[in-house]
Amino acid sequence: MRAAKFAPLLSACLPILLAAQTPEADLRHAKALLHSSLLVDGHNDLPWVIRESGKPPMDVEAYDLRHKTSGDTDLARLRAGGVGAQFWSVYVPGEITTGYAKTQLEQLDIALRMVAKYPEALQLALTATDIERARRHHRIASLLGMEGGHVLENSLGALRAYYDLGARYMTLTHNVTLDWADAALGTPRHHGLTPFGKAVVHEMNRLGMMVDLSHVSPDVMRDALDATEAPVIFSHSCARAIVDHPRNVPDEILKRLPRNGGLVMVTFIPSFVSKAVMDWDAPMNKSLAGLAIGSSEFEARKQAYLATHGPSPRATIRQVADHIDHMREVAGIDHVGIAGDYYGDPAGTVQGLEDVSCYPSLFAELIHRGWRDPDLRKLAGGNLLRVMRQVEASARRIQLERKPSIATIQELDGAKKD
């Protein structure tokens, strides 16, 4: 009876007691939790790193993940970080202007060959059930996420082909505004989605491909949430109320996620996380606008800026946790996830989150703040698994109702698009 009498008091005090743990105890707690939970990361650019930084470039065999790489990702560090499932971004820069489909196919090929090279560690996953199966086999479930609808070249047939090759989400835009959707960092032309853009969303729903809104304008976010028949994701974004970066998610959108069922996967990109970094980055980003990431001109201008302005300020783990706390407060615990967006440059990362081995440090910070294990498990991967299952269930229903769309942008948007 006495224990029952004091149980509510103990429960209320638990966050305070947890916050009183030592940093070492918090880290041990975090590692144990991630060992027994599923951590799903929403975005890692390793296929592009292999394409651009491999020696020679694009050589999957030469870029050996069984040894420590010069970047931020390899098998040992994925294991140390507790990663159970990874969306590998098959990114194609919108700034290249030509060869979108060719480059996208090459990126899919690199990612698929990379997964096949390490059967003892990686396992291709196309469904939520596949993720769970890979975990039972002690392998990291490997999923593919496309970054930028420019690679469709305005073709729903291409969208279906990419799905058949394994893509399970598509970011509607990257940094460049399309014929049918405005990008957050692009010039607004449509103030949302065009009719063809809504048809893209509907066909993604029919296929069971997650609609990713990470790079789009707020108007496109609103239109996509109005149009979609399934939960959406933001595969790598932060909270705009904390850092007013165009790539972050406004509170008005976060408040709509519970009704939609989707989630935001909080990312570690320093300029999204820290206002000081964003302000330092702004002049450089203006200079780099329109250049493909990794191009010789891009790197030359970046190095010139660094030589003039010195090193960037550093974002911190605590600031990342601030974004996560804000998302939980505004959208709810069921609508937040994790996405490191590691892209091969440990120097351009959040302090303390330099590579994929560092996820336990972030979870230790949340434990220190009083987060409880059930909520941490949702954040780690439970929410993403739920979203995938709901997207898959919606697709099964929709496929009974309608056939693949043969709509064209000329038919739906009127004027001919190039």
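Bear in mind that the values in this text are calculations on the coordinates, not laboratory data. Being a predicted model, the structure only gives us computed values, none of them experimental. All Cβ positions, glycine included, derive from the backbone under ideal geometry; neighbour counts span all protein chains shown.
With runs of 4+ DSSP H residues as the only contributors, calculate the mean residue ellipticity of the chain at 222 nm using -39,500 (n - 2.57) per run, divided by the residue total and rounded to the nearest 500. Don't skip to the answer; put the middle values down first.
Numbers: 19 runs with 198 residues, N = 418.
When only DSSP H runs of four or more count, the value is -14000 deg cm²/dmol.
For GLN410 and ALA76, the FRET efficiency from 1/(1 + (r/R0)^6), where r spans their Cβ atoms and R0 equals 51 Å, is about 0.50.
Using only Cα atoms and rounding to the nearest 10 degrees, what angle (0 to 90) does helix 195-207 make with the longest principal axis of the chain? Result, in degrees: 60. Structural descriptor for the range 227-347: relative contact order 34 percent, calculated from alpha carbon pairs under 8 angstrom and at least 6 residues apart.
Extension gain for the segment GLU24 to LEU105, taken as residue separation times 0.36 nm less the Cα-Cα distance, is 24.6 nm to one decimal.
For the chain, the longest principal axis of the C-alpha atoms and the axis of helix 359-368 are separated by about 50°.
Taken about its Cα centre, the chain carries a charge dipole of roughly 1320 debye when the Cβ of each Lys and Arg holds +1 and the Cβ of each Asp and Glu holds -1.
Could you work out the local net charge near PRO250, counting Lys and Arg as +1, Asp and Glu as -1, over the other residues with Cβ closer than 15 Å to its Cβ? Summing Lys and Arg as +1 and Asp and Glu as -1 gives -2. Comparing SER296, LEU366, GLY332 along the charge dipole axis of the range 257-385, the residue lying farthest to the positive side is GLY332, per the Cβ-charge model.
The alpha carbon centroids of the range 359-418 and the range 43-84 are separated by 25 Å. Angle check, please: helix 296-309 long axis (alpha carbons) against the longest principal axis of the chain (alpha carbons), in degrees 0 to 90, nearest 10. Result, in degrees: 50. If r is the Cβ-Cβ distance from ASP279 to ASP345 and R0 is 22 Å, what FRET efficiency results, to the nearest 0.05? Plugging the Cβ-Cβ distance into 1/(1 + (r/R0)^6) gives 0.65. Just list whichever of LYS68/LYS302; LYS198/LYS403; LYS255/LYS275; LYS255/LYS378; LYS102/LYS198 have alpha carbons separated by over 20 Å in the model shown. With Cα atoms farther than 20 Å apart: LYS68/LYS302; LYS255/LYS275; LYS102/LYS198.
Taking amide H positions as modeled 1.01 Å from N, with prolines and chain starts lacking one, the residues under 5 Å from ASN175 and 5 or more places away or on another chain are GLY94. Taking 7 Å steps out from each Cα toward its Cβ at ARG372 and ALA62 produces label points 5.3 nm apart.
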